[in-house]
1. Taking neighbour counts of Cβ atoms within 10 Å as a proxy for exposure, in what order, fewest first, do Ile280, Ile313 appear?
2. Give, in nm to one decimal, the length gained when the segment between Ala220 and Val128 is fully stretched (0.36 nm per residue of separation minus the Cα-Cα distance).
3. Which three lengths, in whole Å and largest first, does the range 169-227 cover when its Cα atoms are put on their principal axes?
4. Taking 0.36 nm per residue of separation and subtracting the Cα-Cα distance, what length does fully extending His311 through Arg100 add?
5. Can you compute the label reach from Ala326? Point 7 Å from Cα along the Cβ direction, backbone N cut-off under 16 Å, restricted to the range 272-300.
6. Using label points projected 7 Å from each Cα along Cα→Cβ, tell me how many nm separate Val167 and Tyr47, to one decimal.
7. What would the Debye formula give as log10 I(q)/I(0) at q = 0.09, 0.10, 0.17 Å⁻¹ for the alpha-carbon point model of the range 89-219, no solvent?
8. With 5 Å bins from zero, work out the P(r) of the range 276-315 over every alpha carbon pair and list the percent per bin.
Amino acid sequence: MTCAPPDAVRSVARARGRGAARVRAVSAALALAVLAMFTLSLCVGDYPIGLGDLIASLTARGTPAVDYVVHRLRLPRAELAVLVGVAFGLAGTIFQQVVRNPLASPDVIGVASGASVGAIALIALAGVSGPPLAAGALAGALLTAAAIYLLAWRRGVTGHRLALVGVGVAAGLNGVVSFFLTRTDVKVAAEGLLWLTGSLYGRADHVAPLAAAMAVLVPAAFLLGRSLRALQLGDDSARGLGVDAERRRRALLLVAVALTGAATAAAGPVAFVAFVSGPIAARLTRGAPGLLPAALVGALVTVTADFAAQHLIPGAQVTVGVVTGAVGAPYLLWLLAVADRGGRRR
């Protein structure tokens with residue numbers, strides 16, 4: 001058995017050390033950026049709040065007026081933006097790495113559409129609103145993901161086939177959503193349409209359920225995510241490293257689907273956050289996107305987009321999904337333009 005030269009081993013170790021250091025530095029910078037945007041979203045508005053007054057309010061020393069604005073209006077929305085961004089960022093990166101296709105994001109291949117069908121069905125047929133929507137959205141996401149996986153299965157699942165099947169399933173599910181909206185009361189349909197655009201307004205009661213779900217799903221994602229690099233090498237290489245590739249792939253996709261369903265139930269299908277988080281993190285870290293940088297990118301994108309949605313147009317507010325869609329759609333078109341027929345970039 002031939003051993004690697006000591007110089008080669010040291011070079012690989014140095015390269016890995018530099019890569020890990022860059023990931024830590026990028027993650028720290030992203031965390032500071034998220035904190036800055038979070039603070040800005042609490043301070044800026046029709047009722048401006050200074051940093052000192054904000055700190056006093058957060059430490060139970062604020063005035064009644066400031067406390068009302070911070071704790072009842074702005075803080076729940078900012079918290080929800082962070083949680084939704086982290087959930088979508090993790091889910092999108094897991095999908096893209098497991099399937100090894102940059103198009104395999106839950107909002108592109110139909111998983112988010114399945115969650116939308118589950119939630120809209122409850123809104124239109126039973127008048128359900130608030131946290132109970134999570135059950136319908138999660139059920140819709142799980143059933144859709146299972147259907148896509150089975151339809152794409154041909155002695156295994158390839159990224160290109162799964163992406164194509166998912167796009168087709170998403171188109172069909174969008175038709176189902178339209179059917180529900182056209183067959184229900186106008187007021188209910190208006191509520192459903194607002195939810196479908198992806199909105200964080202008036203969703204304070206969704207913060208606690210989403211946080212509880214993520215307290216379970218996020219550790220599971222990071223624990224299972226240790227095998228992502230092995231899966232990137234292919235099933236044979238993963239098995240050689242002691243990883244049960246198919247079982248681990250299903251477990252990771254299950255966690256990603258659950259994250260998608262929980263986030264979609266809380267804020268609606270916020271477009272393209274899951275799609276762009278992984279690639280942006282990869283650019284920043286100059287390598288395969290780690291789960292932590294991708295989660296922080298998702299949080300930063302969502303908090304920034306929601307801040308822009310509230311303040312970009314004077315005197316008017318748009319939903320966060322409109323802003324993320326306006327940013328993400330051109331990126332999707334560019335990715336499709338430079339991708340070859342096998343689903344990989346040239």
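1. Fewest-to-most ranking of Ile280, Ile313: Ile313, Ile280.
2. Values: separation 92, 0.36 × 92 = 33.12 nm, distance 2.95 nm.
The span from Ala220 to Val128 would gain 30.2 nm if fully extended.
3. So the extents along the principal axes, rounded to whole Å, are 45, 31, 14.
4. My answer for the length gained is 72.2 nm.
5. 272-273
6. Distance between label points: 4.8 nm.
7. Debye curve over Cα of the range 89-219, log10 I(q)/I(0) at q = 0.09, 0.10, 0.17 Å⁻¹: -0.28, -0.35, -0.94.
8. Calculated over all Cα pairs of the range 276-315, the distribution is 6, 27, 22, 16, 11, 9, 6, 2, 0 percent.
A short reminder: the numbers here are calculations on the coordinates, not readings from a lab. Worth saying up front: this structure is predicted, and the values here are computed from it rather than measured. Cβ sites come from the backbone with ideal geometry, for glycine too, and all protein chains shown count toward neighbours.
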